[in-house]
Structures are given as C-alpha cells and as structure tokens.
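Down below is the structure, laid out as structure tokens.
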Amino acid sequence: MAKNDFKAFATDRNANVMSQEEWEALPALLSGFTAGKASSAQVNKAIRQASFIAAALAQFVSDKTQRDVLDNGDLPGFVELLGSGFAVEYLSRKNPFGDIKLDGTVQKALEN
C-alpha cells in the first residue's frame, strides 16, 4: 500500500477547536491573526481546516496512483501525482479529447 505522510489534525469529536459558527464570525478569518494572542481553539481550527483537506487530497492521490505522497516539499512532483490520480479516477486514457476526435464520438471513445 502506498504511503501518505499527510495527516489531518484535531479531528477527534472532542477536539479543542472553535465551532464553525464562531470560526465564520471571527475577524481574523479575513485578516489573519495579528498582534496579540490567538486562542488555542482558534489556531487549532485553522490548522484542522488546512490539514483535513490536505490529508484527504493526499490520500486520494496515494490511493489512485499507488504511489507514496511524502512530506518532502516537492510541489511539482505532487502536482504531477495529482494529475495522475485524477487521470486514473476520471479518464480511461491519457488524452480523452484526442481519443474522442480519433474515434468520432464520445460513446466510441468510451468503448475503446
């Protein structure tokens, strides 16, 4: 099984995060945290939202490509894997539009 280094943060039902309603009303949502101190629940909410989506996307890529998704900072490599994952999930071939043109119809291309 391929490895996914990206893990969601604070996903427990009782995690120390603010409610979605509080989050959406937080002035820092638009401006970011400025001078002063952000509460741990506020910081945890920001980290959870980012890490949850990152982990889900990385897991999709790992599952579809059967390749490791590593926390190594290789953005071009991840973008390439992401494209490969989408291709596996949504496209039967590398160039489906070219296939449609060559085959004449969408149905014919899907059959091939």
Determine the pairs where a residue that is under 14 Å from D63 (Cβ atoms), located within region 76-91, has a partner that is surrounded by 14 or more Cβ atoms within 10 Å (Cβ to Cβ) and among the charged types (D, E, K, R) with Cβ atoms under 8 Å apart, the partner being 6 or more residues away or on another chain.
L81/R67; S84/K64; S84/R67; G85/D63; G85/K64; F86/K64; V88/K64; E89/K64
Could you list, ordered by first residue, the pairs with Cβ atoms under 8 Å in which the first is in region 42-67 and of a type in the set (S, T, N, Q) and the second is in a helix (DSSP H, G or I) and surrounded by fewer than 17 Cβ atoms within 10 Å (Cβ to Cβ), at least 6 apart or interchain?
Q42/A28; T65/S84; T65/V88
Collect the residues in region 1-57 that are exposed (fewer than 10 other Cβ atoms within 10 Å of the Cβ), small (G, A, S) and in a loop (DSSP other than H, G, I, E, B), keeping them in residue-number order.
G32, A35, G36
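Give me the residue from region 68-104 that is in contact with a helix residue (DSSP H, G or I) (Cβ under 6 Å, 6 or more places away or on another chain) and either part of a loop (DSSP other than H, G, I, E, B) or of a type in the set (D, E, K, R) (or both) and, out of that set, modelled with the lowest pLDDT.
Taking region 68-104 first, the residues in contact with a helix residue (DSSP H, G or I) (Cβ under 6 Å, 6 or more places away or on another chain) are 69, 81-82, 84-85, 88-89, 93, 99-100, 103.
So of that shortlist, the ones also either part of a loop (DSSP other than H, G, I, E, B) or of a type in the set (D, E, K, R) (or both) come out as 89, 93, 99, 103.
Working: E89: 82, R93: 61, D99: 66, D103: 73.
Here the answer is R93.
Is it true that V79 is surrounded by 16 or more Cβ atoms within 10 Å (Cβ to Cβ) and among the β-branched types (V, I, T)? Spell out how you get there, then give the answer.
Details: surrounded by 16 or more Cβ atoms within 10 Å (Cβ to Cβ): no; among the β-branched types (V, I, T): yes.
No: the conditions fail for V79.
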Just one of (1) at positive phi; (2) modelled with pLDDT under 95 trips up L29, so point out which.
(1)
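The values are calculated or read from the model by the stated rules, or taken from the named source; none is laboratory data. Since this is a predicted model, take the numbers as computed values, not measurements. Neighbour counts run over all protein chains shown; Cβ positions are idealised from the backbone, glycine included.
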